[in-house]
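Take a look at the structure below.
Nothing in this text is a laboratory measurement; each read-out follows from the coordinates by a stated rule. Here the structure is a predicted model, which is why all the values come from computation and not from measurement. Please note: Cβ atoms are built from the backbone with ideal geometry, for glycine as well, and neighbour counts cover all protein chains shown.
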Amino acid sequence: MASGGSNRAINQSQDELFEVSLIVNGVTRTALVPARRLLSDCLRHDLRLTGTHVGCEHGVCGACTVLVDGVAVRSCLMLAVSADGARITTVEGLTRPDGTLSPVQQAFADCHGLQCGFCTPGFLTTITAALENNPEPSAEDAREIIGGNLCRCTGYQNIVKAVLRAAELRSATGSNPVGTS
Amino acid sequence: MKPPPFGYSRPESVAEAVAALGTAAPDGKVLAGGQSLLPLLNMRLATPEHLVDINRLAELGFVRVDDGEVVIGALARHAQVLADPAANQAQPLLGQALALVAHPVIRNRGTTVGSIVHADPAGEMTAVFALLGGSVLLAGSSGERLVSADEFFLGPLESDVRPDELATQVRLPALGPRAGCAFAEVSRRHGDYAVCGVAVLAELDEAGDVSRARAAYLSVAGTPLVLDLTEAGDDPASAGRLARSRVAPAADIHATAAYRRHLAGVLTERALADALGHARERAGG
């Protein structure tokens, strides 16, 4: 009944299984999942990419945000089977291959945009995608960009600063498009 | 916070989708953007036997302006509709309301047609659809039918879509040349469900007087409430009093009935004033 291996703990049901192929951070990955597997759980449990954090599981907190074909979406509000064939970028995929932080990651470090870090992966992915569409955001734009992400530590002011700083770093160093290659 | 088990199919055409819904009826459910359905599944408030995922039906991912109507396909995301210049020029109420639908990331995935079919009385797009008098095209095993807005909403989260039917498109009339529109709402936090909201459509005659004014309210009744404000003329305060006397909201954890009634009045005043300004601008003075 359960498929073996790492899926065992969460797949002990009679669910029909579907093979899903995802291009995650440029690498093709496959997983055998029931239809009800959330994309967030597929990334974390099936693919062991635990950078994507799961907070509320009903679309309110934004912690699980990933890029699907370059577009920021809540991975807890998407089924893994629905994402079959898609290009996914998680927080692990934002860092450059040589380990250099992306402009948004560097800006969070520069501006103290995080404390405990739980919400941070969702902010980083959301802001990365938003800056692709709006490379020179105003402070008001920055607030709109992060309006769907909750953080319980920073008080948001430093995150707003980090959005603006990230835009500066991007224009100074050249953009680092993700999920679009 | 994990969905219960369900069957799943991912059709490649509308005909296949309708067939899958027919097989699954009455316990099938369409999955489009999933931004309302997935929370309901995660919280196990909905337990469909079978999901029909229409995300492969790329032919439904359109927004176009056609013969005085904005036509929105079932797979057009809110963000796509919001960013469509022709649709927003034809019907500016779309953009005014869509900017208040949840957050940008939710709008990236959620669909406008799905939001209307979901029939949430707190939904901005249900009010827009009711106010404009749009229509929904439904494809079913016995053919297509077009349902008008005044017959579409049956109750909270209940619209006139039969279990074997797929809503393939929504049509919304364009804004007339001497008409204006506005949307106003109050929510606890930006992007949250509105405690109360209103969409207003005002039309002027040749002399510049108000010939027709209507409002649609969210979060004050089980279905979008549409009121005729024409008798208030160009006096927003009078329209506000009219709204206060006509709405009969319920109390819940978010607001008392009295507060919702108060908001209905204040928001009607603001939105009518804005809609009249918009109409005068469009009518050329």
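Okay, here's what the table says:
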{"read-out": "Within segment B:61-173: Cβ-based charge dipole about Cα centre, in debye rounded to nearest 20 (Lys, Arg +1; Asp, Glu -1)", "value": "400"}
{"read-out": "Neighbour-count order for A:Val54, B:Val170, fewest beta carbons within 10 angstrom listed first", "value": "A:Val54, B:Val170"}
{"read-out": "Point-to-point label distance, A:Gln157-B:His254, nm (Cα→Cβ direction, 7 Å offset)", "value": "3.0"}
{"read-out": "Extension reserve of the B:Glu158-B:Leu45 stretch, reckoned as 0.36 nm per residue once the Cα distance is removed", "value": "39.2 nm"}
{"read-out": "Local electrostatic count, B:Val220, Cβ distance below 12 Å [Lys/Arg +1, Asp/Glu -1]", "value": "+2"}
{"read-out": "Förster radius 56 Å - calculated FRET efficiency between A:Asn134 and B:Glu231, Cβ distance, rounded to 0.05", "value": "0.80"}
{"read-out": "Environment charge of A:Asn149, counting only residues whose C-beta is closer than 13 Å and scoring Lys/Arg +1, Asp/Glu -1", "value": "+3"}
{"read-out": "Cα gyration tensor shape of segment A:103-172, rounded if a/c is under 1.5, else prolate or oblate by comparing a/b with b/c", "value": "prolate"}
{"read-out": "Two-site label geometry, A:Asp69 and A:Val27: point separation in nm, points 7 Å out along Cα→Cβ", "value": "2.5"}
{"read-out": "Beta bridges per DSSP with both ends in segment B:1-94, % antiparallel, nearest 5", "value": "35"}
{"read-out": "Degrees, to the nearest 10: B:236-246 long Cα axis against longest axis of chain B", "value": "50"}
{"read-out": "Segment A:64-104 versus segment B:144-181: alpha-carbon centroid distance in Å", "value": "35"}
{"read-out": "For B:Leu154, residues with placed amide H under 5 Å, excluding near neighbours", "value": "B:Ser159, B:Asp160"}
{"read-out": "Relative exposure of B:Cys196, A:Cys61, judged by other C-beta atoms within 10 Å (fewest first)", "value": "A:Cys61, B:Cys196"}
{"read-out": "Estimated dipole of the protein assembly as shown in Debye, rounded to 20 [Cβ of Lys and Arg +1, of Asp and Glu -1, Cα centre]", "value": "1400"}
{"read-out": "For B:Val30, distant residues with modelled amide H under 5 Å away", "value": "B:Val52"}
{"read-out": "Dipole-positive endmost among A:Pro135, A:Val54, A:Ala167 within chain A (Cβ charges, Cα centre)", "value": "A:Val54"}
{"read-out": "Radius of gyration and maximum dimension Dmax of the protein assembly as shown, Cα, Å", "value": "23.0, 77"}
{"read-out": "Computed over chain A, the ratio Rg/Rh where both radii use C-alpha atoms and Rh is Kirkwood", "value": "1.00"}
{"read-out": "All Cα pairs of segment B:129-251, percent lying beyond 26 Å", "value": "32"}
{"read-out": "Dipole of the protein assembly as shown [Lys/Arg +1, Asp/Glu -1 at C-beta], most positive-end residue of B:Leu45, A:Thr100, B:Ala15", "value": "A:Thr100"}
{"read-out": "Among B:Thr268, B:Ala213, B:Thr223 the positive-end extreme of the charge dipole of segment B:179-283 (Cβ point charges)", "value": "B:Thr223"}
{"read-out": "Rounded Å value of the spacing that divides the Cα centres of segment B:244-282 and segment A:38-59", "value": "40"}
{"read-out": "Residues A:Cys56 and B:Glu281, FRET efficiency given R0 of 35 Å [Cβ-Cβ distance, rounded to 0.05]", "value": "0.25"}
{"read-out": "Karplus-derived HN-Hα couplings along segment B:27-39 (A = 6.51, B = -1.76, C = 1.60, θ = phi - 60°), whole Hz, x at Gly and Pro", "value": "10, x, 8, 7, 10, 10, x, x, 6, 9, 5, 5, x"}
{"read-out": "Point-charge dipole on Cβ atoms (K/R +1, D/E -1) for chain A, about Cα centre, debye to 20", "value": "360"}
{"read-out": "Cα shape, chain B, gyration tensor, a/c 1.5 rule", "value": "prolate"}
{"read-out": "Net length gained if the chain between B:Ala86 and B:Ser211 were fully extended (0.36 nm per residue, minus Cα distance)", "value": "42.3 nm"}
{"read-out": "Tensor-based shape of segment B:179-283 (alpha-carbon gyration tensor, a/c under 1.5 rounded, otherwise prolate or oblate)", "value": "prolate"}
